[in-house]
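Note sheet for the following structure.
Just so it is clear, none of the values below were taken in a lab; they were calculated from the coordinates. Quantities reported herein were computed from a predicted structural model and do not represent experimental measurements. Neighbour counts are summed over all protein chains in view; Cβ atoms, including those assigned to glycine, are modelled from backbone coordinates with ideal geometry.
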Amino acid sequence: MVSIDGEILGKPSDRADGFRMLKKLSGRTHEVISGVSLIFGKRSVSFAQTTCVTFYEMSDSEINAYLDSGEPFDKAGAYGIQGLGGVFAERIDGDFFNVVGLPVARLKRELESLMDIS
């Protein structure tokens, strides 16, 4: 999930919603939070991983061009950092893969612990 100012930004419902989300993220820092639950036999663990992403300022024409690409419409926060939306990211504090959708480094460690391997 993408969160800014206490608002959770899901997938945009339409172009206007996508524009609104990207305008809100422009020039600011937001959080991307992934929740993961693992079960192995009778043991389980759940965790949330947070990554902060700061966007450059985006002009209306940049936002509209990005919306024209079609990429934002199936992504929380109306952007895909692993695709064309990556050009908006000025800074990432935390796990890049968490922003893509799965915090793989933390997942590996949690799996090892859950399964008692290392």
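A quick yes/no check of all residues on (1) without any contact (Cβ under 8 Å) to a residue 24 or more places away in the chain; (2) surrounded by 14 or more Cβ atoms within 10 Å (Cβ to Cβ); (3) touching a Gly at 6+ places or on another chain (Cβ under 6 Å); (4) part of a helix (DSSP H, G or I):
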{"site": "45", "(1), (2), (3), (4)": "no, no, no, no"}
{"site": "49", "(1), (2), (3), (4)": "no, yes, no, no"}
{"site": "54", "(1), (2), (3), (4)": "no, yes, no, no"}
{"site": "61", "(1), (2), (3), (4)": "yes, no, no, yes"}
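Any residue in segment 69-84 that is touching a helix residue (DSSP H, G or I) at 6+ places or on another chain (Cβ under 6 Å) and of a type in the set (D, E, K, R)?
There is at least one residue in segment 69-84 that is touching a helix residue (DSSP H, G or I) at 6+ places or on another chain (Cβ under 6 Å) and of a type in the set (D, E, K, R).
For segment 67-77, state whether one or more residues are loosely packed, with under 14 Cβ neighbours inside 10 Å and within 11 Å of the chain's Cα centre (by Cα).
No: segment 67-77 contains no residue that is loosely packed, with under 14 Cβ neighbours inside 10 Å and within 11 Å of the chain's Cα centre (by Cα).
For residues that are within 15 Å of residue 51 (Cα to Cα), in contact with a Lys or Arg (Cβ under 9 Å, 6 or more places away or on another chain) and in a loop (DSSP other than H, G, I, E, B), tally how many sit in segment 82-100.
Qualifying residue count for the region: 1.
Residues in segment 10-42 that are among the small types (Gly, Ala, Ser), within 15 Å of residue 72 (Cα to Cα) and not in a helix (DSSP H, G or I): how many?
3
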